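The values are calculated or read from the model by the stated rules, or taken from the named source; none is laboratory data. If you're wondering where the values come from, they're calculated on a predicted model, not measured in any experiment. In this analysis, Cβ positions are derived from the backbone assuming ideal geometry, glycine residues included, and neighbour counts consider all displayed protein chains.
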Amino acid sequence: MRTRTGSEPVTARSPLRMRFWLSLWGVFWTGAGTVVFALAGRPWWALACAVLLLIVVTDLVVILRHFRQGPRFQPGRDVGPYPPGHGPNVILTEDRERERDLIRQRRNRTGMGGGRRRS
């Protein structure tokens, strides 16, 4: 299992809602196909649609399980959630700010302020 690095996008969205609706669409069409092919005397096509129906229903169950787990679900005990304002990205941001401050201080000391002065 992959551990979180903290570099995941902050605004990432899950495609669960789209998968849910596509699964319902698939349940409808594979169920209808199974019935129609069974009534038309095409058992192999009915069997193929029934197998697809089983796959789509399984995917729908997984999607509903993910819905119930909620948006803050973490995959394991060793993978903790990063509350807002914490995690590796915050450390990188603080280091970058510290580095920028040091560069500004050096420029101000050497007279290479680069134009506009800040007070």
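Miscellaneous remarks
- The listed residue being within 30 Å of W29 (Cα to Cα) and at pLDDT below 80, out of G70, G87: G70
- Where a residue in segment 26-44 is surrounded by 14 or more Cβ atoms within 10 Å (Cβ to Cβ) and its partner, wherever it lies, is of a type in the set (F, W, Y) and assigned to a helix (DSSP H, G or I), with Cβ under 8 Å and at least six apart: G33/W45; F37/W45
- Selected residue (only one of R107, R65, R100 is within 26 Å of the chain's Cα centre (by Cα) and at pLDDT 75 or above): R65
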